[in-house]
Each structure stands twice: as C-alpha cells, then as structure tokens.
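Here's the structure, in structure tokens; my notes come after.
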Amino acid sequence: MPKKRVNRSAWGTFSLFALLTVFGAFMVLPLVYAINNAFKPLDEIFIFPPTLFVRNPTMNNFVDLFNLLGNSWVPFSRYIFNTVFITGTGIVGHVIFASAAAYPLAKHHFPGKKILFTIVVLSLMFTPAVTAMPNYMIMSWLGLIDTYWAVIIPAFAYSLGLYLMKQFMEQIPDVLLEAAKIDGASEYRIFWSIVMPNVKPAWLTLIILLFQILWGSDGNGFIYSEQLKSLHFAAGQVVAGGIARSGAAAAVALILMSVPITLFVFSQSRIIETMATSGMKD
Amino acid sequence: MQNWWSLKWHAIRANKHSYFLMAPYMILFAVFTVLPVLVSIVLSFTYFNMLEFPKFIGWQNYTRLFLEDDVFLIALKNTLLFAVITGPISYIACFVFAWIINELSPKLRAVMTLVFYAPSISGNVYFIWLMIFSGDRYGIMNGLLLKFGFILEPIQWLKTEGYIMPIIILVQLWLSLGTGFLAFIAGLQTVDGTLYEAGAVDGIKNRWQELWYITLPSMRPQLMFGAVIQITTAFAVADVSIALAGFPSVNYAAETIVTHLIDFGTTRFEMGFASAIATVLFLIMVASNLIVQKLLRKVGE
C-alpha cells in the first residue's frame, strides 16, 4: 500500500469524502432502522411520525417471536436445526469438493483442463433461475425432492467457490509440491497435508460465500414438508403476518441479518486477502 | 491420427489422479449445472407440460414469445431497464467506493467496507424496505413526507405502477455492492505502489490521471471478475421484485424475465415455453458479458 501520495487536490479529497458519507448513510440507514425497530415497543412502531431510533428499548418483540413460533405446528428449534444442518453440511462438502477439484486445475497439466475451466467460468455468467426447472426434474429423477439434499448437494458444486479456490491455489509455490513429490508423497497426500493447510484463508472466503447463500435459502420449490423448512422460510411466515406481527417481524429481521454480518466482521481481512487473487485471466 | 490418440490416452492415464480428485465436483457440477442448461435448451423446442412426453414443435415457443406474448415484452423491457441502470451504476459504484475506501486508514477502511458490504450479505432482509415504503402513514417514507408536508395523504408506493420500478431499482442498487465490491477492494490493495512513483516522475498530474493510466490497467483481472458478477445480478432481478411488488405485480409493472419464467414454469407448467424464456435470458447474459469484456480490454489505452 503506497503511503502519502503526491498529486492530491484538497477540493478533490473533500468531494470524494462527501460522496462517501452520503452514500454510506444510504447504505447503513435501513439497517440501523431495522436494528432499532427490533427493540421498539409496539406503540412506538406505530408512532406518527415514524422515528429512526428507539426511545424505550424493550426485548418484548423477541419474547413475542419465540412465543409465536413456540406455538406453531413445527417447533422453532426445528427450523433452527434445519438451517444449521443445511448450512453446515453444504459448507463442509463444498470446501472439500471444490478444493479437490481446484488443485489439479491450478497445478497439474492434463488433457481437457482448459475446456473444463472455461465451462466453469461460463457458468458464473448465469443465474440459477435459468436452470431451476430442469433442476427440478433432475432432482425428482434422483428422488431428492422434499429432502435436505435437494438444497445441499447442488451447493457442493457451486462454480464461484471452485473459481476463487483455483485462483488462490495458483499462488502456492511449485517447489513446495515438488519437494513433497520427491519425498514420495502421493497426489492425495500432497493435496490433503500440504495444499489444504496452505489455502486456509481461501476456505474462509468459501465458507462466507456459501454461508450467505445457504443461510438465506428457503429451499423453495424443492422442500414441501413443514418440518424440513428453514429459518428463512419461518421468518417469511412471520413477516407475512402483517401489522399484528410487526414487532416480531422486526425481531426476525434482526436475527436473520446479524449472523452473516457478525461472521463477516470477524473474517474480513482474510476474505479480502483471498479476493485479491480472484482476478479473471484475459 | 492413431498416434495422436495414443499420446492423449497416455497423458490421460498419467494424470489419473487429477481426474480422480476432480471427479466428485465435476460430476455434481455436470448433473446440477451443465445438464440443466442443455435440457433447458432442448426443451425450449418442445411442448412439455410435465405429464406427457415432450413434443417437438420447432421454433414455435420462440415465435410465440416475441410475437404473441405482450407480458414478455414488458418483462424484457423492464429487465433491460434494470440491467442498463443498475448494472453500470452498481459496477461504477463498487469501484468508486472501493477506490475511496482504499485511501483510508486500515481501521476506518474496515468499518467503511462493512458499511457498504453489509446490505448485500444481511441475508435477504430487503423486507426492511417493505416497512419503509409501506402504504400507510406508518411507513417511514410516507411518515416523513406527511410530517414535512410534501404530501397530504399516504401514497401506495408499491401498488402504484409509476413508483414500482424506481423503488425496485433503488433497493437493487442498495443490495448490489457485493462480491464485486470486495474483489475491487482486494484488487486495489495489490496494485504495485512503485508504479505511482514512476507515474509521478513521468508527469501524471492528478489522481484522475493516476486512476486511468495506472490503477485501472493494473486491476484489469478484478474488473473482469466484477463485471461478470454485476451483469449476472443485473439481469437476474426477481426476488426483490416479488418481495416488494408482489407476484404478479400491479399490471405487471415489475415483471422481469425471471419472474415471467417462474410464472410459466411453476404456475402454468408450460415447461417448453419457460425453457425458451430461460434460453433467451442465458443468451442475453453471455452476449453482454462478451461485449463488456471486450470494452474492458480498452481500459487505460
């Protein structure tokens, strides 16, 4: 990072920071509003004119939320378990599978390497909605409809994770791998005991990316049984409840957003380190 | 020829470990990503209702899509509008904010990164905006406007055709500083500092020239990556539209290609027709990616 640089006008600096402040406020105010809402007593949520900040903070909304969900047909803990299970399994599988596939792509030369990687890069360019319907058919042929696996298994093979991992692995010095080879280690041994520990910062990025996707997924279209549905789905039900549940809905919003944000706060510098290698080659 | 094949075969056998390591990922990738795309393209030339075997009908789905389906034309127009507005704005915003943030001290940089990145990772909480644009006087937008006397009665923001698109564009922009933004921050940190000193010697006069001649060309890989991500999100608008404007939205004011796809695929079970919509969207995305990548190669020249 270059230190003090020349060629800076004060006016330029001022206008850039003004820009940053205005747009920073636009980004953060809805979140601040959401956080404050979660602690507002019901009469304050419906105060006119509406206020941004809470005056008499209360935990009632959270109590209401747990009562509400506690009385629902499926216990709240089940939704939490479902989400944690889907997110956890999906992340572990993705990190292992994507790393195993990224290692040969980054470090070996073999027939078909270029075409495989090109297809993966091409697949970054479309949205899951494009393939949602054929995906449904394939899921039903495989008998995965209405199981957790309909959400988990495709997550193992997301292309963004493989892509970032491959770019990151290219930075591992070849001499390290060759030394291990001379010592008689097999490719699997090299992958597991040398490559994997070296790409730990990149794991973290994959974990965060997958976490966002899986934490926010409600398995819509694939999962019908109420007892298999996720926290996000349950949250949607509460929000759909309208005015009567505004307090509980605000509490749900806070719970849903606080987990991924906290995770990011603790892993920010590592993630950026990994992303630095994410460039797409010309 | 014989020789070429035996050479290839030899190379494949020599690398069997590589294939073995890739197998689990590549098999799943083929089944859940590549195969669906191919199935979708094939089905787009058929009539298929999930019950009977698909019947080949040639280009009929496509001609119906462009000539007879008025709502698709609205969806196409809306999607292009989204893409043309949110795509470039969010891409430039990602870069500009990453660029300004990069000049801050490390602590402040971490805070500002979080501020700009938080909306896109906060787990689909765009329903906050439902509270802001709520149609009664307790919605924060109506409340503020009423209080300061700009309006006399609450506006039904999300039920009035004229307001729906601007609001969804606004929310989409709010959400759009995601992976591309992080990639830019990371990319800026890898730009070689000595280049700036050399540039100063070579007569670069201000930060704007520095940006165009040094920073941008050094970041070309990240710029490509960011473009792919932003283009894809810009064309795929659907969740926000459905969450805010409902499904279907008032007089299809917020219909996009993806909501149209969902309509025919999951509500009407016209799989062949839905596949044609998906194929059109896929082609639009790939084409715009290729165009943008071509443009990006010219940066800093």
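The values are calculated or read from the model by the stated rules, or taken from the named source; none is laboratory data. Here the structure is a predicted model, which means the values were calculated and not measured. Positions of Cβ are backbone-derived with ideal geometry, glycine not excepted, and every protein chain shown enters the neighbour counts. Areas reflect the complete protein model, heavy atoms only, side chains present, ligands, DNA and RNA absent. Shrake-Rupley method; radii C 1.70, N 1.55, O 1.52, S 1.80 Å.
Would you calculate a helix-derived [θ] at 222 nm for chain B, using -39,500 (n - 2.57) for each DSSP H run of n ≥ 4 and dividing by the full residue count, to the nearest 500?
The per-residue figure over chain B is -20500 deg cm²/dmol.
Find how much the distance from residue A:269 to residue A:200 grows on full extension, using 0.36 nm per residue of separation minus their present alpha carbon separation; answer in nm with one decimal.
That pair, residue A:269 and residue A:200, stretches by 23.5 nm at full extension.
Using only the Cα atoms of segment B:93-145, what semi-axes does the equivalent ellipsoid have when each is the square root of 5 times a gyration tensor eigenvalue? Give whole Å, largest first.
31, 12, 9
What is the average number of partner chain Cβ atoms found within 10 Å of a Cβ in B:216-224?
Rounded to a whole number, the mean comes out at 3.
Which percent of the accessible heavy-atom area of segment A:107-154 goes to carbon and sulfur, probe 1.4 angstrom?
So the carbon and sulfur contribution to the accessible surface is 72 percent.
So which residue, out of A:251, A:155, A:129, gets the largest mean-square fluctuation from a GNM of chain A using Cα contacts under 10 Å as springs?
Result: A:129 has the largest fluctuation of those listed.
Take the Cα atoms of chain B, build their convex hull, and give its volume per residue in Å³.
It comes to 241 Å³ per residue, whole-number rounded.
Sticking with the crude label model, points 7 Å out along Cα→Cβ, report the distance from residue B:108 to residue A:18 in nm, one decimal please.
Taking the two extended label points, one gets 1.7 nm.
Mind giving me the nanometre distance, one decimal, between the label points for residue A:29 and residue B:209, set 7 Å out from Cα along Cα→Cβ?
Result for the modelled spin labels: 3.9 nm.
Would you mind calculating the gained length between residue B:297 and residue B:9 on full extension (0.36 nm times residue separation, minus the Cα-Cα distance), in nm to one decimal?
99.9 nm
For chain A, what is the calculated [θ] at 222 nm in deg cm²/dmol (nearest 500), taking -39500 (n - 2.57) for each run of four or more DSSP H residues and dividing by its residue count?
-22000 deg cm²/dmol
By accessible area of protein heavy atoms, probe 1.4 Å, what ranking do B:268, B:220 get, highest first?
Correct descending sequence by accessible area is B:268, B:220.
Would you list the membrane-span-like helices of chain A, meaning whole DSSP H runs whose alpha-carbon atoms span at least 20 Å along their axis and whose mean Kyte-Doolittle value is at least -1.0?
A:10-38, A:76-107, A:200-216, A:246-275
Among all the lysines, which ones have a C-alpha under 18 Å from residue A:107's C-alpha, if same-chain residues fewer than 8 places away are not counted?
Correct list for residue A:107: A:166, A:181, A:200, A:281, B:16.
Report, in listed order, any pair from B:107/B:147; B:205/B:298; B:205/B:294 with a Cα-Cα distance greater than 32 Å.
B:107/B:147
Write down the radius of gyration of the protein assembly as shown and its Dmax, each obtained from C-alpha positions, in Å.
Expressed in Å, the Cα Rg and Dmax of the protein assembly as shown come to 25.2, 84.
If you wrap a convex hull around the Cα atoms of segment B:169-261, how much volume per residue is inside, in Å³?
Hull volume normalised by residue count: 105 Å³.
For residue B:2 and residue B:268, compute 0.36 nm times the residue count separating them, minus their Cα-Cα distance, and round to one decimal in nm.
90.5 nm
State the percentage of accessible surface on chain B attributable to carbon and sulfur atoms; use a 1.4 Å probe and exclude ligands, DNA and RNA.
Answer for chain B: carbon and sulfur cover 68 percent of the accessible area.
Averaged over its residues, how many other protein chain Cβ atoms are within 10 Å of peptide B:35-44's Cβ atoms?
4
How do A:268-275, B:27-34, A:177-184 rank on mean C-beta neighbours within 10 Å, highest first?
A:268-275, B:27-34, A:177-184
Averaged across orientations, what area in nm² does the convex hull of the alpha carbons in segment B:24-70 project?
Its average projected convex-hull area is 4.4 nm².
Loop-only GluC sites (Glu not before Pro) in segment B:16-113, please: DSSP not H, G, I, E or B, and at most 13 other Cβ atoms within 10 Å.
Passing both the DSSP loop test and the Cβ count: B:52.
Could you tell me which of B:253, B:282, B:191 has its Cα farthest along the dipole of chain B towards the positive end, charges placed at Cβ (Lys, Arg +1; Asp, Glu -1), taken about the Cα centre?
The Cα lying farthest towards the positive end belongs to B:191.
In peptide A:265-277, what is the residue-averaged number of other protein chain Cβ atoms found within 10 Å of each Cβ?
5
On the principal axes of its Cα set, how long, how wide and how thick is chain A? Give whole Å, largest value first.
Projected onto the principal axes, the Cα atoms of chain A cover 72, 64, 35 Å.
Express the C-alpha Rg of segment B:126-175 as a ratio against the empirical globular expectation 2.2 N^0.38 Å, rounded to two decimals.
1.10
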